[in-house]
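Before any comments, here is the structure.
Just so it is clear, none of the values below were taken in a lab; they were calculated from the coordinates. This is a predicted model, so every value here is computed, not measured. In this analysis, Cβ positions are derived from the backbone assuming ideal geometry, glycine residues included, and neighbour counts consider all displayed protein chains.
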Amino acid sequence: MTENTNMKVKYGRSKGFFETFERRPGAIKKNMHYCPGCGHGIVHKLIAESIADFDIKDRTIMIAPVGCSVFSYYYYDYFGISAPHGRAPAVATGLVRANPDNIVVSYQGDGDLGAIGFNNFIQAANRGENIAVFFVNNGIYGMTGGQMAPTTLPGQKTATSPTGRSVTNEGYPLKVSEMVAALDAPIYVERVSLSSTKNIARTRKAIRKAFQNTIDKKGFSMVEILAGCPVNMKFNSREMNEFIENQMQHYFPLGCFKDIADTRDPIKRPEGIFDKQKVKDILYPIKVAKGVSADFKNESKIFQKERKIKIAGFGGQGVLSLGMMIATMGKLRNFNVTWLPSYGPEMRGGTANCTIITSRQKVCSPIVDKLCNLLIVLNQPSMEMFLPELKQNGVLLYDSSTIAPPKCSEDKIIYAVKASDIAKKIGSLKCANSVILGALSVVMKDYFLEGKDKKDFDRAFEEAIMDCFADKQNVIQMNIEAFYAGKEAVEATLTNPHPGV
Amino acid sequence: MNNTTVVHTNKLLLKGNEAVVYGALLAGCECFFGYPITPASEIAHTAAEYFPKLGRVFLQAESETAAINMVLGASAAGRRVMTASSGLGISLKQEGVSYLAGSELPAVIVDIMRGGPGLGNIGPEQSDYNQVVKGGGHGNYKCIVIAPNSAQEMCDFAFWAFDMADKYLLPVYILTDGVVGQMLELVSLPDPIPRKPVPKWALDGRYNPRTNMITSIYLEHDDLERRNILLQEKYAEIMKHEQIAEEYLTEDAEIIISGHGIVSRLAQTAVEELREKGIKAGSLRPVTLFPFPVKAFKKAAKTAKQFLCVEMSNGQMIDDIKLSIECSRPVHLLNRMGGNVPTVDSIVAKCLELTGSGKSGKSKAPRGKKK
Ligand SMILES: Cc1ncc(C[n+]2csc(CCOP(=O)(O)OP(=O)(O)O)c2C)c(N)n1
Ligand code: SF4
Ligand SMILES: [Mg+2]
């Protein structure tokens, strides 16, 4: 960065500045670090003065970008924060969403706003964040030594366009104000310049307007300020002003592109809820099922060890929610339970599967890495795919309205139920999974449950349905009907007279 | 049911990804900024539902870069704030995380690790270990990293993460694999805490002087060095006080199995199976990854003859084990990558082989979850 320690603050100390710049390292505490004739110093002063005049020093947070104005916090007598290069509008979003009473200023150069951070900028604009963006367009990267910026003019020589910006190689200068004004959300967009006293006065007015909008919580305001970087462009101050006036303003016409603050209502954001009871009422689920007491123990010895259930079918057949209903039963009967769905592209291929592991002990992993004890299959391809993963003496339950009877080894215990057909008759294919659940209740009684559990489990099934559809009261009845229909209709096709699971 | 008074329960089945949002909200988190990515997306889905219901801030950012910088802004405003992502999204966040660390701002970042490098896949992996535990972005910084292995811990660790972030003023990662994120288990929700007061360093004029300023730039070399030394002192303090490990049958163990996230559960089961076979196995699970539980490993190395590090990555955590015990014992690696999860059988077989109890030379290649 270029520093000129002898520079005088041309326009005198503003009310919004510190008396002396104690944050500035080194001996010089009175003057700014900017080069003579630099646009940043003038814009800083106009901003500081507005903030003092609006009496918002205690509410204003100035985001210092990465660029020559990275040190702006040396000067301003209000809150300051440094943002990564180009990210000021995202930081501003965080600041103003966290506390909508903050007056947040995103101050950015053309590299910061137009190149590395353009997406963050345009998205914040498009969301209509209640912030003021002051965009200092000096057509160059000042801080890093005069490289080309997105707003460098065609033919303009810089350190990285030594023969002049070529529009076929680097494209045309970015017309930021025009682009922002084309969006629906922003309320105020104006391009001004620092080329003359008259233009500086206009700039002052535009900055004030942006602050007024922000104070009124009207939304996104941007002032683009054409400025000079005389050091990198090797101009004296007269040449600099002429360049801005004749070259830059020619390409970047001055004027107000949008001013619709009057048509907008102030942005209102909700107040956070922290009252303990209210938080609980919102976050804690409503207790639907009675379940069992905390010290309840199931009688069936089978659940001493992990029992692994795999369910597979087409996406949309309710594979995952069937798994959820089974997991919910586990919850209601004090089992430890895990449920793991297939996710992502596995689902998009049209197939879905999930695994449920239940145990009275802790469950190690939700992945069925050995073979499963119970396989529920809802479509033909899944039958082919997962039947080999069924354990010796394992139980298979499938939808016989769509799947042909499987060929499998003698030890397997097979149950079939015409789940889809029955569900259609009841009124919706969607409750086919509850038909399966009904069939499962029979399987459970035959092969898993002992003693009192045999009787009690029917209630657990019903309660699981109620629990899983708690937010869809109208479908509960249909699913319970489907459950009982499945219970009635299931057929055991025993191939092994002496099964042991 | 409609006419009776509504009774709430604090027990529910939640995915790890959902549980962490419940935990965060109960821990007083006020803002969530994120960008969708599998297998972390349910975090954004759940946040999108419940943050607004509690009048708090949910915003889908335009990128992970934006999200982490929104986090920076909200944190500077003095609010509890979080984001969540996975692998490549975490890579994008690293610049912002470095700024948070350099500016000493608290935040909670959840990383549900998936397969890499590059686009990799969405299967579970643990390959962000190095980029998260070792700092990750530029500069001499560290983040506290805690590694839950269940849905209940996903919920509970959110409280812990926010408390440590506030205590030490740094980003805290909740780091786990796609399995723990996607798996649904029974969770007991803790009580919500009262709203945290705005900290005194925050940019909030209602409570604090406007001279408050947040930056990570120190132009003078000596200033920045001093700053860095202070940060290192803070990390040393964390190393001293915050190490947590979970020991399982380690006292007399001759072989110690170590893994984090879902692997730690497989390791415990493997220990049980090995004990049944008469092998003195134990498991040592790092719960904090930074600070790595060096003390627990040093202690274990007094009795254990060897260690087996089980990872869903290419041998990342193993370096920390070796360093902890100063290579005083052999540390072996058993790992799977690409979305595969090691099996209990493969861990047992490896331990049998290492302890000379297995049928040598006949051990099968480890089998993972079929994809
Ligand atoms: C990620 C990153 N990349 C690059 C840089 C180096 N850098 C610092 S300032 C700057 C350009 C700033 O130009 P501009 O925004 O136009 O600001 P000016 O100095 O002209 O006011 C660059 C490239 C950085 N700090 N961070
Ligand atoms: S923008 Fe140019 S003139 Fe201004 S301080 Fe930077 S290098 Fe100097
Ligand atoms: Mg510039």
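What the table shows:
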quantity	calculated
Hydrodynamic radius of chain B per Kirkwood, over alpha carbon pairs, in Å	21.4
Modelled label reach - B:K11, point 7 Å along Cα→Cβ, the stretch B:167-203 residues with backbone N closer than 13 Å	B:186-189
Chain B: relative contact order in percent, alpha carbon pairs under 8 Å with at least 6 residues between	17
Two-site label geometry, A:K445 and B:I217: point separation in nm, points 7 Å out along Cα→Cβ	7.6
Euclidean distance of C-alpha centroids, the stretch A:50-111 and the stretch B:138-152, integer Å	30
Radius, Kirkwood style, for the stretch A:404-501 when every pair of distinct Cα atoms is counted (Å)	14.3
Shape box of chain A [Cα atoms, principal axes, largest first, Å]	103, 54, 46
Per-residue Cβ neighbour rank within 10 angstrom, fewest leading, A:I56, A:I47	A:I56, A:I47
For the stretch B:178-194 versus the stretch A:147-214, the gap between their alpha-carbon centres in whole angstrom	50
Long-range amide H partners of A:S193 with built H, under 5 Å	A:T203, A:L226
Folded to 0 to 90 degrees: helix A:452-468 orientation relative to chain A principal axis, Cα	30
Segment A:Q212-A:D275, length gained on full extension (0.36 nm per residue, minus Cα span)	19.2 nm
Karplus-derived 3J(HN,Hα), 6.51/-1.76/1.60, for each residue of the stretch B:147-157, Hz, glycine and proline x	10, x, 10, 8, 5, 4, 5, 4, 6, 5, 5
Angle in degrees between helix A:39-54 and the longest Cα principal axis of chain A, rounded to the nearest 10	70
Karplus-derived HN-Hα couplings along the stretch B:128-139 (A = 6.51, B = -1.76, C = 1.60, θ = phi - 60°), whole Hz, x at Gly and Pro	8, 3, 5, 6, 9, 6, 9, x, x, x, 7, x
Within the protein assembly as shown: Cβ-based charge dipole about Cα centre, in debye rounded to nearest 20 (Lys, Arg +1; Asp, Glu -1)	320
Percent RCO, i.e. relative contact order, over chain A, from Cα pairs under 8 Å lying at least 6 residues apart	10
Alpha carbon centroid spacing (whole Å) that separates the stretch A:256-281 from the stretch B:263-307	51
Rounded to the nearest 20 debye, dipole of the stretch B:11-241 from Cβ charges on Lys, Arg, Asp, Glu	560
The stretch B:246-354, relative contact order [Cα under 8 Å, separation at least 6], %	30
Angle between chain B longest axis and helix B:16-26 axis [Cα atoms, degrees, rounded to 10]	40
HN-Hα J in Hz across the stretch B:59-73 - Karplus 6.51, -1.76, 1.60, θ = phi - 60°, x for Gly and Pro	9, 7, 7, 7, 5, 5, 4, 5, 4, 5, 6, 5, 4, 4, x
Stokes-Einstein diffusion coefficient of the protein assembly as shown, Kirkwood radius over Cα pairs, 10 °C, 1.306 mPa s, in µm²/s	53
Rg/Rh for the stretch B:213-371, where both radii come from Cα atoms and Rh is the Kirkwood radius	1.11
Gaussian network model of chain B, springs between alpha carbon atoms under 10 Å - residue of B:I262, B:I325, B:I193 with greatest fluctuation	B:I193
Exposed GluC sites (Glu not before Pro) absent - longest run of chain A, DSSP non-H/G/I/E/B, at most 13 other C-beta within 10 Å	A:23-270
Hull-based mean projected area of the stretch A:39-263, where the convex hull spans the alpha carbons, in square nanometres	11.1
Sorted peptide list for B:342-348, A:68-74, criterion being average Cβ within 10 angstrom, highest first	A:68-74, B:342-348
Paramagnetic label zone (point 7 Å from Cα along Cα-to-C-beta, A:F296; backbone N under 12 Å) in the stretch A:312-345	A:329-335
